[in-house]
Amino acid sequence: MTAAPLVSILMVARNAALFIDAAIVSAREQSLTDIEIVVVDDGSSDCTAQHVRAHVATDSRVRLLEGPRRGLSAVRNTSLKAARGHFAAILDSDDILHPRHLEWLMAGRVRGGAEILATNMVEFQEEGSRLTTRIFAEGPLWNDARPIEAEEYVERGMIGGKGALPGYLKPLFDLSFLRANGVGYDERLRIGEDFDLVLRAMLAGARYLYLPEPTYYYRRHVASTSHRLSRADLEGLLRAAQAYPCETDGTLAAKVQARRENLEGALLHLDTIAAIKDGKLIRALRLTAGHPDARRLTLSSLYEATAKRIGLFRPVRQAVPPAHGEPLAERLRSITQGLQSAVLNP
């Protein structure tokens, strides 16, 4: 390719051989074809790179780069720097896109002119012959396209918050805006790097537009990246929150201060759980006594642990089972059709 594509689809991968073909096929089958697909393989020990090379050999829009092996944020920055498109769309290596995902995002961009856009998301899981799904953002607030202001974005990004968290949505970025304002991923962060980048872009003036079409499919599986919050993780997020530039008073400043207090409460929560495990109940009570967030997070953790033991949590609803034994492209179509059916006919 010589001309810059309209959209760069950015994917980072590490030991993603099991699912990366489906992810890349969903990118290659987008109705908007003026794209490139940039895959950064960050030191995989399985055959991830070989899978990507097979796509490179058959589709000139696919590029394979080697990652820096310095953590997820550094890998994402590698993909951002390598992107040649006017816009960048995030796709994780185990997720898939609706065939019109980019088409709808770019239509929203034309209508609203926002520098950041994100569609609703479907969480799905394949278990044998069953496909289970859940709409990520549900309720009247999420049924229509609307801007998300920085105040709401911060408020909905609290640790232990209820309802949909926009920070989990996979955005489309105006790359010229990010580069002009020097906004990239904070390589000191091990978690929350997407939330942090989007918020700093918004604080620099970027407009965020939410679109209700559920066109990003987030896969849940036993190897999904997940881990308990560590002290180092939370301290990194707190340092980032303390550096956010905003007015010294007003609603946004109050929300940012509330986020700092929320992160401080999460740190106290970790200490409280450790005290409970050590049998130091008096210390646990003292740690949470003066901090509502610490107390709420601790009570929530204790409730969830008890609920799991006695089986209170209900399974995700079942949707349309995908077909088996199909070629990859056909199987992807079966999955997306099944997800669309589940979304339209809950």
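Table for the structure above
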{"read-out": "Single unsatisfied condition, Ser176 versus (1) more than 16 Å from Asn77 (Cβ to Cβ); (2) surrounded by 19 or more Cβ atoms within 10 Å (Cβ to Cβ)", "value": "(2)"}
{"read-out": "Flag if Ala164 is free of Cβ contacts under 8 Å to residues at least 60 places away in the same chain and of a type outside the set (S, T, N, Q)", "value": "yes"}
{"read-out": "Residues located in the stretch 47-80, provided they are in a helix (DSSP H, G or I), in contact (Cβ under 8 Å) with a residue 40 or more places away in the chain and of a type in the set (Lys, Arg)", "value": "Arg76"}
{"read-out": "Matching residues in the stretch 20-44 - criterion: being among the hydrophobic types (A, V, I, L, M, F, W, C) and either under 17 Å from the mean Cα position of the chain (by Cα) or under 16 Å from Ile90 (Cβ atoms) (or both)", "value": "Ile20, Ala23, Ile24, Ala27, Leu32, Ile35, Ile37, Val38, Val39, Val40"}
{"read-out": "Odd one out for Glu261 among (1) at pLDDT 90 or above; (2) farther than 28 Å from Arg14 by Cβ; (3) loosely packed, with under 15 Cβ neighbours inside 10 Å", "value": "(3)"}
{"read-out": "Leu203 being over 26 Å from Pro68 (Cα atoms), assigned by TED's automatic domain parsing to the domain that holds Asp144 and touching a Phe, Trp or Tyr at 6+ places or on another chain (Cβ under 7 Å)", "value": "yes"}
{"read-out": "Extreme residue, nearest to Met106 (Cα to Cα), among residues of the stretch 219-232 that are modelled with pLDDT under 90 and surrounded by 15 or more Cβ atoms within 10 Å (Cβ to Cβ)", "value": "Arg220"}
{"read-out": "In the stretch 13-37, the residues that are in a strand (DSSP E or B), buried (at least 23 other Cβ atoms within 10 Å of the Cβ) and among the β-branched types (Val, Ile, Thr)", "value": "Ile37"}
{"read-out": "Criterion violated by Tyr216 - all others in (1) at pLDDT 90 or above; (2) of a type outside the set (Lys, Arg); (3) under 17 Å from Ser73 (Cα atoms) satisfied", "value": "(3)"}
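The values are calculated or read from the model by the stated rules, or taken from the named source; none is laboratory data. If you're wondering where the values come from, they're calculated on a predicted model, not measured in any experiment. Don't worry about glycine lacking a Cβ; one is built from the backbone with ideal geometry, like all the others, and counts go over all protein chains shown.
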